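Working notes, beginning with the structure itself.
Throughout, read-outs are computed from the coordinates displayed, never taken from laboratory work. Keep in mind that what you see is a predicted model, and the values were worked out from it rather than measured. Here the Cβ is made from the backbone with ideal geometry for all residues, glycine too, and neighbour counts use every protein chain on show.
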Amino acid sequence: MSQKHRSQEWKDRKEEFFIRHKKSCAICGVNYDITLHHLRYNHPIGKEPDTDLMPVCFSHHKEIHEYADLVAGHYDLAEATMIYCRIMGLGGN
């Protein structure tokens, strides 16, 4: 985890996100060990729009990034995430 992701700005942003959105994994639905996955890194940490964040369990967060690393030459992180979600049966957008 980067230093930016340990910042108070990021902690506040996560809290704000989960006030408005369900705190469960968008892929498997569990409601424990939930973190936020960035679909894009176009904004400063703590200033991301909700549409650039996705709640996922730690297990799926790790798998998303592993998959994104495999396809990095072909897709950006947001595209790789949506493909991963379709593979996992979520449907994606």
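Numerical summary
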quantity	calculated
Sparsely packed chymotrypsin sites (Phe, Trp or Tyr not before Pro) within the range 38-93, loop by DSSP, other Cβ within 10 Å at most 14	Tyr41
With Cα atoms, 0 to 90° folded angle of helix 58-70 axis to the chain main axis	50 degrees
Ellipsoid semi-axes in whole angstrom, largest first, where each is sqrt(5λ) of the Cα gyration tensor of the chain	21, 16, 12
Inter-centroid distance (Cα atoms) of the range 48-77 relative to the range 25-43, Å	8 Å
C-alpha long axis of helix 77-87 to longest principal axis of the chain, angle in °	60 degrees
Additional length obtainable on full extension of the chain from Val71 to Arg6, 0.36 nm per residue less Cα span	20.7 nm
The chain - mean residue ellipticity at 222 nm from DSSP helices (-39,500 (n - 2.57) per run, n ≥ 4, rounded to 500)	-12500 deg cm²/dmol
Phi-based couplings in Hz for the range 18-28 (Karplus 6.51, -1.76, 1.60; Gly and Pro marked x)	6, 5, 8, 10, 4, 8, 8, 5, 5, 9, 10
Along the chain, longest interval not containing exposed trypsin sites (Lys or Arg not before Pro), exposed being DSSP loop plus at most 15 other Cβ atoms within 10 Å	48-93
Where a label projected 7 Å from the Cα of Cys28 along Cα→Cβ would reach, residues of the range 49-81 with amide N under 11 Å	57-63
Net charge contributed by nearby residues that have their C-beta within less than 13 Å of Arg40 (K/R +1, D/E -1)	-4
